[in-house]
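First comes the structure, then the notes that go with it.
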Amino acid sequence: AIGMAADAIAVQTLGSVDIEVLWLFSRDPALASLQELVGKRVAAGPEGSGHRSLLLRLLKQQQVPLHQLTLSALSGTAARDALLRQEIDAVFMVAAPSAPGAAALLAAPGVTLVSLRRASALSERNKYLESRLLPQDALGPGQPARDTPVLTTPTHLLVRQDLYSALT
């Protein structure tokens, strides 16, 4: 797992339960790549979170110098509010479309769902990611405002390997 400690308890997957989207929101409608986050303030969730770990992995693959952007621990509606107040420049999160943070950002005036260039290349390098098209209005009127390529990842139900077998 991403960011897993060496002494972590062994887990097993019981199954895939949902599909989550890798969301990148910005007030800049021209933003179209991870490289363009250089010099920006990006809400990426708390240190050690799955959001932040995945973003760091993708930035490293894209050879984005991490010291040239500022990561914020904000997520969800707090990240949306900071983006609207222009305290941050972008929000990265991994969530279902119905998650409160994603829904709030999709509906926020002046906020753009970034259509990442090279999304297919990212999914090719990361087999747990899939490139999909999120059709205009798929999540409600104007959400998203246009057909948007997005990356998705499955959500798995994990249990400790020492869980009583009758429960699994």
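The values are calculated or read from the model by the stated rules, or taken from the named source; none is laboratory data. No experiment lies behind these values; they were computed from the predicted model shown. Backbone-built Cβ (ideal geometry, glycine too); neighbour counts: all protein chains shown. Ligands, DNA and RNA are excluded from the accessible area calculation, which covers all protein heavy atoms including side chains. Shrake-Rupley method; radii C 1.70, N 1.55, O 1.52, S 1.80 Å.
Treat the range 31-140 as a sphere of radius equal to its Kirkwood radius over Cα pairs and apply Stokes-Einstein at 20 °C in a medium of 1.002 mPa s; give the translational diffusion coefficient in µm²/s, rounded to a whole number.
On the way: Rh = 14.5 Å.
It comes out at roughly 148 µm²/s.
What does the charge count near Thr77 come to, summing +1 for each Lys or Arg and -1 for each Asp or Glu among other residues with Cβ under 15 Å from its Cβ? Please list the in-between numbers first.
Details: positive: Arg80, Arg85; negative: Asp81, Glu87.
Around Thr77, the charge tally is 0.
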Next on the checklist: I need the per residue convex hull volume for the range 24-68, using only the alpha carbons, in cubic angstrom as a whole number.
Outcome noted: 75 Å³
Next on the checklist: Could you compute the net charge surrounding Val114? Neighbours are other residues with a C-beta less than 13 Å from the C-beta of Val114; K and R count +1, D and E count -1.
Outcome noted: +2
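State the percentage of accessible surface on the range 11-93 attributable to carbon and sulfur atoms; use a 1.4 Å probe and exclude ligands, DNA and RNA. Don't skip to the end; give the middle numbers.
Working: 1910 of 3940 Å².
Summing carbon and sulfur atoms, their accessible area is 48 percent of the total for the range 11-93.
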Checklist outcome for this item: So, over other residues within a Cβ distance under 13 Å of Leu129, counting Lys, Arg +1 and Asp, Glu -1, the net charge is +2
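Give me the Å³ per residue figure for the convex hull around the C-alpha atoms of the range 61-123. Could you put the intermediate results ahead of the total?
On the way: hull volume 6.9 nm³, N = 63.
That works out to 109 Å³ per residue.
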